[in-house]
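*Asks:* Can you read through this structure? Questions will come right after.
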Amino acid sequence: MREPVPNKHLEQVNARLSAIATKVEIYQTVYFINIFNYIRLFPYEKLTKVFYVGDATPDQMGTYMLMDKSSKPFITYLPGFRGFLTTRFSPRENDWRIPRIFNAKLSEIKSVTVEFPENPVYSFTINNNNDRTFDLYALAPVKEKINDFDTLKVLDYMASFENVNFEALINNLSKKDSIIKSRPFHIVTIELFNGQKQSIRTFHKWPVEEDEADLTVANPYDRDRLYALINDGRDFVLIQFYVFDRILRPLPYFTEKKMP
């Protein structure tokens with residue numbers, strides 16, 4: 001706690017808390033039988049504290065909070081943290097989701113397939129033989145094994161699927177349906193040795209107006225971000241090239257041949 005709310009602001013702060021505050025309930029495990037914390041039997045959950053979290057103070061460095069059954073709100077803060085705490089008590093499920101798309105170690109990955117629907121000759125599959133050797137296949141115009149490739153680049157690539165995250169969940173985007181019906185930019189599928197498959201489809205994103213001056217005729221799309229469909233089509237997200245460039249490599253990257 002930083003300080004109580006000054007009396008001259010009490011009415012205004014209480015009205016604001018009544019309108020927009022988030023109710024927080026704290027449950028703890030307690031025991032029907034507890035003998036000096038030495039013998040503890042029959043655990044159950046008990047509601048031990050209720051409080052309400054409001055919005056930020058005018059300086060954005062404190063947060064209004066109110067204990068249940070109290071009429072005296074306080075300004076709270078977290079020592080060492082600059083900012084307000086409201087977002088740490090979000091009631092929205094999506095705010096608590098881990099933004100993970102891929103999180104697989106090299107030893108877990110059986111194969112990776114990357115398809116480029118706009119440029120099929122860039123498409124490929126890498127099979128992990130699980131002995132630090134790999135097989136590389138071109139997928140177009142026909143599937144063909146490639147013997148001459150950079151093994152260090154392939155090894156580094158196959159180790160790039162840990163902690164690959166999206167930037168934002170945008171399931172409610174108004175243009176979502178039309179976007180996912182369009183031709184994907186990439187389709188990335190990884191298969192694990194345990195039989196599990198994970199896939200992502202990416203789509204071009206048009207830039208915001210302030211970035212349009214940086215566009216070219218050859219590339220009229222956003223240079224920083226893509227749309228993506230993940231989790232078997234259940235979630236629509238925004239991803240960054242900065243994060244995904246390392247796994248959106250085209251086939252010539254591994255063969256060191258000049259791109260057509």
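*Asks:* Using the per-residue mean of other Cβ atoms lying within 10 Å as a proxy for protection, in what order, highest first, do the peptides 1-9, 63-71, 183-191 fall?
*Replies:* 183-191, 63-71, 1-9
*Asks:* 222 nm [θ] for the chain, helices only, -39500 (n - 2.57) per DSSP H run of 4+, per residue, to 500?
*Replies:* So the helix-based figure for the chain works out to -3000 deg cm²/dmol.
*Asks:* Length gain on complete extension for the stretch Lys8 to Asn171, per 0.36 nm per residue less the alpha carbon to alpha carbon distance?
*Replies:* Contour length minus the Cα-Cα distance gives 54.4 nm.
*Asks:* Lys110: which lysines have alpha carbons under 20 Å from its alpha carbon, excluding same-chain residues fewer than 8 sequence positions away?
*Replies:* Within the straight-line limit of under 20 Å, Lys110 reaches these lysines: Lys143, Lys145, Lys153, Lys197.
*Asks:* Now for a separate question. Any idea what the relative contact order of the chain is, in percent, if you count C-alpha pairs under 8 Å spaced at least 6 apart?
*Replies:* Once divided by the residue count of the chain, the mean separation gives 14 percent.
*Asks:* What is the mean projected area of the alpha carbon convex hull for the stretch 15-164, to one decimal in square nanometres? Don't skip to the end; give the middle numbers.
*Replies:* Details: hull surface 74.7 nm².
Mean projected area of the Cα convex hull: 18.7 nm².
*Asks:* Moving on to the next point. Return the whole-Å distance between the Cα centroid of the stretch 5-23 and the Cα centroid of the stretch 100-115.
*Replies:* 50 Å
*Asks:* Is the stretch 96-165 rounded, prolate or oblate when judged by the Cα gyration tensor, a ≥ b ≥ c being the square roots of its eigenvalues, rounded requiring a/c under 1.5 and prolate requiring a/b larger than b/c?
*Replies:* It comes out oblate by the Cα gyration axes.
*Asks:* Still on this model: Return the lysines within reach of Lys69: Cα separation strictly under 24 angstrom, same-chain partners fewer than 8 residues apart disregarded; answer none if there are no such residues.
*Replies:* Candidates past the 8-residue exclusion: Lys8, Lys23, Lys46, Lys49.
*Asks:* Springs between alpha-carbon atoms under 10 Å, Gaussian network over the chain: tell me which of Arg132, Arg246, Arg40 tops the mean-square fluctuations.
*Replies:* Judging by the Gaussian network model, the answer is Arg40.
FYI, it's all coordinate maths here, none of it is from the lab. It should be emphasised that the depicted structure is a prediction, and the values quoted were computed from it without experimental measurement. Counting neighbours? That spans all protein chains shown, and the Cβs are built from the backbone with ideal geometry, glycine included.
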